[in-house]
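Just so you know, all these numbers are worked out from the coordinates, no wet-lab data involved. This is a predicted model, so every value here is computed, not measured. Note that each Cβ is placed from the backbone with ideal geometry, even for glycine, and that neighbours are counted across all protein chains shown.
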Amino acid sequence: MKINTEAGYIDITKKAIADIAGNAAMECYGLVGMAHKRGKDGLIEILSGDQANKGVGIFIEDDQLIIDLYVIIEQAIKISVVAENIISNVKYNVEKQTSIKVKRINVNVVSVRV
């Protein structure tokens, strides 16, 4: 995504945005890890660290971001509270670091683990 400035432009890749979103999500309490966004065939791989961005989908609509997160939540914690915390933290960090408005964040809970 290109951001025009007086001195030129800044090009921020989707991978860079996914890295920011994945790292912000991993900071949240109750999150075990990210799941691969293509892991819908029954096999679930826990992603963390440098691979966390593979559990993030980035889409651009009307110069705003739509972020899909595929997460594995810790058991015995209310899913809605964890999801709201993830949404808040990801939105804050992405907008702060990129200056790009986030339109929507979708949290897809792939699994619940102990």
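Residue separation times 0.36 nm, minus the C-alpha to C-alpha distance between K15 and E61: what's the value?
14.9 nm
Any chance you could run the full-extension gain for T5 through V112? It's 0.36 nm times the residue separation minus the Cα-Cα distance, nm to one decimal.
34.1 nm
Can you give the extra length, in nm with one decimal, that the chain gains between E27 and Q75 once fully stretched, where that is 0.36 nm per residue apart less the Cα-Cα distance?
Result: 15.6 nm gained on full extension.
For the charge dipole of the chain, defined by +1 on Lys and Arg C-beta atoms and -1 on Asp and Glu C-beta atoms about the Cα centroid, which residue among N23, T98, V112 has the Cα displaced farthest towards the positive pole?
With unit charges placed on the Cβ atoms, the residue in question is V112.
Which entries of K15/K78; K14/K96; K15/K101 have Cα-Cα distances beyond 19 Å here?
The pairs that break the limit, which is 19 Å between Cα atoms, are K15/K78.
Put one equal scatterer on each alpha carbon of the chain, apply the Debye formula with no solvent term, and list log10 I(q)/I(0) at q = 0.12, 0.15, 0.17, 0.21 1/Å to two decimals.
Treating every Cα as an identical point scatterer, log10 I(q)/I(0) equals -0.40, -0.60, -0.75, -1.08.
Taking the chain as the reference, fit the longest principal axis to its C-alpha atoms, fit the long axis of helix 14-26 to the helix C-alpha atoms, and give the angle between the two in degrees, 0 to 90, nearest 10.
In the chain, helix 14-26 runs at an angle near 40 degrees to the longest axis.
Restricting to the chain, compute how many DSSP beta bridges are antiparallel as a %, nearest 5.
Of all bridge pairs located within the chain, approximately 60 percent are antiparallel.
On C-alpha positions alone, give me the angle between the axis of helix 79-98 and the longest principal axis of the chain, in degrees, nearest 10.
Between helix and principal axis, roughly 20 degrees.
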